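For reference, the structure discussed in these notes is given below.
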Amino acid sequence: MAYLTVEGAIKRYGATTALNGVSFTVAQGEFFTLLGPSGCGKTTLLRSIAGFSQLSEGKVSLAGTDLLAVPPHKRDIGMVFQDYAIFPHLTVAENVAFGLKARKVAVSEIRDRVAEALATVRLSALSERLPAALSGGQQQRIGIARAMVVKPRLLLMDEPLSNLDAKLRLDLRDEIRDIQRTIGIAAIYVTHDQEEALAISDRICVMDGGSIEQIGTPQQIYGQPATRFVASFVGTMNLLSPTAFGLPDVPGVAQWALRPERLRLAEAGVAEPGAAGFTGLVEHFTYLGREAHLTVQAQGHRLVAQIAAPPADLAIEAGREIRLGFVRDDLHAFDAAGRRVRTELSA
Amino acid sequence: MSAVVAPARRSGWRPDFWTLVAIGAWAILIVLLLIPLGLVLVSSFRDESGQLTLANWQRLFTSTRYVNALVNTLIVGFGGLAGALLLGSVMAFCMARIRIAGGRLISMMAILALVSPPFIGAYSWIVLFGSGGIVRQTLMGWGIFMPPIYGVWGILIVFAFKFYPYVYLLTSGALSNINRSLEEAAENLGLTPFQRVMKISFPLVLPALSAGGLLALIHAIADFGTPRLLGRGFNVLATEAYTAYSAEIGSNLGMATTLSLVLILMSMIFVFIQRYMSRRNVYHSNLINRPEKIRLRGFANVAAHAAVYFIALGGAMPAIIAAIYSIRKTNGPVFQPGFGLESYSRIIASLGDVVRNSLLFSGTSVLLIVVIGTLIGCLVARRNTAHSSLLDATLMVPYVMPGIVVGVAFIAAFNTPPLAMTGTAAIIILSVFIRRLPYAVRSSAAALRQVGPSMEEAAISLGYSPVQAFLKVTIPLILPGIVAGAMLSFVTAVNELSSSLVLYVGGTITMPVKIYIAINDGDYGTAASLSTILLVLSGTAIYLAFRLLGRDERALL
């Protein structure tokens, strides 16, 4: 059931169009991610829902009521900012209490709810500190607590983890997901990090150039990319010409695509049914422990292969010839416009 | 991608309010700046009877007197610039890179040099090195001849010591912010220490150096008091403009305005040259690996300390002399041996209204500056439109207008109805207001840009209306900056001399004007004690500003 509905959202800045007719719905309690490269319109869309940016055209409704008629401060939508936007002149506890005060919540209740929120983000010990002394991760935890504690109708997050270092990003990512599930709030999350989107979302909306490319679960987005853009943006994709490696020329197929992890070492020369094999020249070999990355030149293509759990004695020098193979069922097919095509060869 | 949206579009009341602010800002600029400047321009093309004429401009370029003044202004301008650059960069290098004992004392003395009341600087130099100066007489007693400090060299020495803090404060900041890794990288790539300084360090501090130099240059060509007291026949445009305006017989407003225009044009040209020079040179470094201060040994250490203390004491000397002379025993205007508080009791007895005038005028203009400057600052910072850029650019004009020019322009504009204000307190307050307004606008706009729009947006998303968000989040965040700016404006306002000198009448005399008159009358005790009071007032204001802002001497510029 649709909780938030965005219909035909268009945003123009002078001659440029930042949003080009975007429509989607978000269900109650759903974690919905807007994913795309910078400039794709995802932040503009988020800010339009928050009310910090006005749509040129289109409708946004929340729980059945028109959202665009409501001024931003009355929308009751929590927001977590990329630059944290923690008030530096207020203590941690005062920051979290800020929204409750606007809602004229009783003092004793404010105290309890702030304490609870700070406990949730594991900042209870720092409640009387000023934010300047805290790390980026701690500041963003305040930001999350501050947005959640008012129990908003919708939670918006604008690249909340992009200013944090990698390890912290993983930890906080899981924390955000847990908190959102516990509270059961609908959340819209903006990111340009495809791995983050896959890890955190119920559904992902991939955007490019102000338009939606695909909306789907992480499995659909990764496993059945609707367009060539989605295929290359989410994860890595080897793009093959229509008749490469002895593939049959299928009408309507302008390009084949194959995930690096679907390429396997075929030195034993075992021919499986439906498998294709070829010989290539190793350009790079990178051993990463749990996997190994290979860059291979073959038949005018530069292919990337990921070998899971590489054997300990696997050491391939650059310049060496190597035999690789793949199963035809793993191929994706795209037409000349970059849209997914169903063929007998590919899923 | 993140859309920057003017707050105006968020709710109904703001466009009206900020439009009003914009209209008010332009009204102020038109009445207090553009009309006076326009009349200055018109007046320079009129003779005494009001006929259109090119005579003033003709005289400017043909009369030896004015050609000399023009050349002399350039001499003291660039001479002062050279002196300030030399002293300032030596000081900056030593303070930023070498461990100097008593660093706090040094920077206090630099501040003292910066806020010393005008005139008292020149006067103190006369006390020591004038014809009857203590140092000169002592040396002559030992049989060493020393020329008195009067003339062009005297002016240049005073300027060097008076204006070096501009270069020092800006450059030392830049020097201690150069990423150490850059210099190490240069060293690693095989550059000799000298090459390293010339190819890495110097280009990186050049913007700061040229900005400091520009301040010294503009202040040097605008300075009126020093050439007036020390020049002895060596006249510059500022003194000639004042003479043309104030001559008892044959007061010539047309000539005064012509000279004023030349001064403005000169300052403007220098500002543009400096901007052109440093147009590309804005370097930001996020990762600051601050350079370490090295500890020198032996002769080098002694030499560095000697240089730093020599410069610092030279700059602070006028203030120190003034403080000492203010407690010398006096009998009327004549100093007696020993110490006493006669000068101060004379101020309390007969000059109370001068002190009161100064405090009242400065206080009022600071209040106006803060309120109006903050509003315009918000407008400039939050509405990034062509209109606000034009406003910002127009505000650059009073920034480079010498005080004497503001005085002459206000006389030209407000001597007759509809706005006859000459002789009132209002005209002095407004002259200070318009000169200092650009600083307040810039500092509040800068403070506001620091806050960033997401702070207010966070408050709005939590349920506060835009007005509440501005009051609850933005104002508390920029308040320390505003108050500190007010304190620094107070320092300039209370020390303002040259425009007040043109605009004052008996009832609106201020402390700096009284100091000027007292020195001219030979009443040095009064001058010294009034100067000391000014120093104490300025020092208090600076102390408060530093408490609020954190200690940053560069805020004084």
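Bear in mind that the values in this text are calculations on the coordinates, not laboratory data. What you see is a predicted model, and the numbers here were worked out from it, not measured in a lab. Neighbour counts are summed over all protein chains in view; Cβ atoms, including those assigned to glycine, are modelled from backbone coordinates with ideal geometry.
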Nearest 10 degrees, 0 to 90: helix A:92-102 Cα axis against chain A principal axis = 70
request  = Work out the length of the dipole vector of region B:347-454 about its Cα centre, built from +1 on the beta-carbon of each Lys and Arg and -1 on the beta-carbon of each Asp and Glu, and round it to the nearest 20 debye.
outcome  = 300
note = Between the Cα axis of helix A:136-148 and the main Cα principal axis of chain A, the angle (0 to 90°, nearest 10) is 60
inquiry  = Among DSSP bridges having both ends in the protein assembly as shown, what percentage is antiparallel? Round to the nearest 5.
reply    = 75
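Between A:V327 and A:H284, what FRET efficiency comes out of the Förster formula 1/(1 + (r/R0)^6) with R0 = 22 Å and r the beta carbon distance, rounded to 0.05?
That gives a FRET efficiency of 0.35.
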ask   = Placing +1 at every Lys and Arg Cβ and -1 at every Asp and Glu Cβ, with all other atoms neutral, what dipole size does chain B have around its Cα centre, in debye to the nearest 20?
value = 1200
query = Along the charge dipole of region A:2-233, which of A:V107, A:T43, A:G78 sits closest to the positive end, that is, farthest toward it, with unit charges on the beta carbon of Lys, Arg, Asp and Glu (+1, +1, -1, -1)?
reply = A:V107
ask   = What helices does chain B have that are whole DSSP H segments, at least 15 Å long along their own axis by Cα, and with mean Kyte-Doolittle hydropathy of 1.6 or more?
value = B:103-115, B:202-222, B:253-277, B:403-414, B:475-495
key: Candidates A:T191, A:T16, A:T236, ranked by Gaussian network fluctuation over chain A, Cα under 10 Å, top entry   = A:T16
request  = Just need the relative contact order of chain B here, percent rounded to a whole number, with Cα pairs under 8 Å and 6+ apart.
outcome  = 20
query = Quick one: Cα centre-to-centre distance for region B:28-106 and region A:120-148, in angstrom?
reply = 53
inquiry  = As I understand it, the value is the acute angle between the Cα axis of helix A:107-120 and the longest principal axis of the Cα atoms of chain A; what does it come to in degrees, rounded to 10?
reply    = 20
request  = State to the nearest 20 debye the size of the charge dipole of chain A about its Cα centre, where the only charges are +1 on K and R beta carbons and -1 on D and E beta carbons.
outcome  = 1120
inquiry  = Given the options B:T474, B:P193, B:A316, identify the residue whose Cα lies farthest towards the positive end of the charge dipole of chain B (+1 on Cβ of Lys, Arg; -1 on Cβ of Asp, Glu).
reply    = B:P193
query = Roughly what percent of Cα-Cα pairs across the protein assembly as shown reach past 49 Å?
reply = 42
inquiry  = Let me make sure I get this right: for region B:44-326, a, b and c are the square roots of the gyration tensor eigenvalues over alpha carbons, sorted descending. Under 1.5 in a/c it's rounded, otherwise prolate if a/b > b/c, else oblate. Which is it?
reply    = oblate
request  = For region A:1-20 and region B:308-348, compute the distance between their C-alpha centroids and round to whole Å.
outcome  = 73
remark   = Percent relative contact order for chain A, counting Cα pairs under 8 Å at least six residues apart, stands at 16
remark   = The rounded separation in angstrom of the Cα centers of region A:217-249 and region A:299-347 is 10
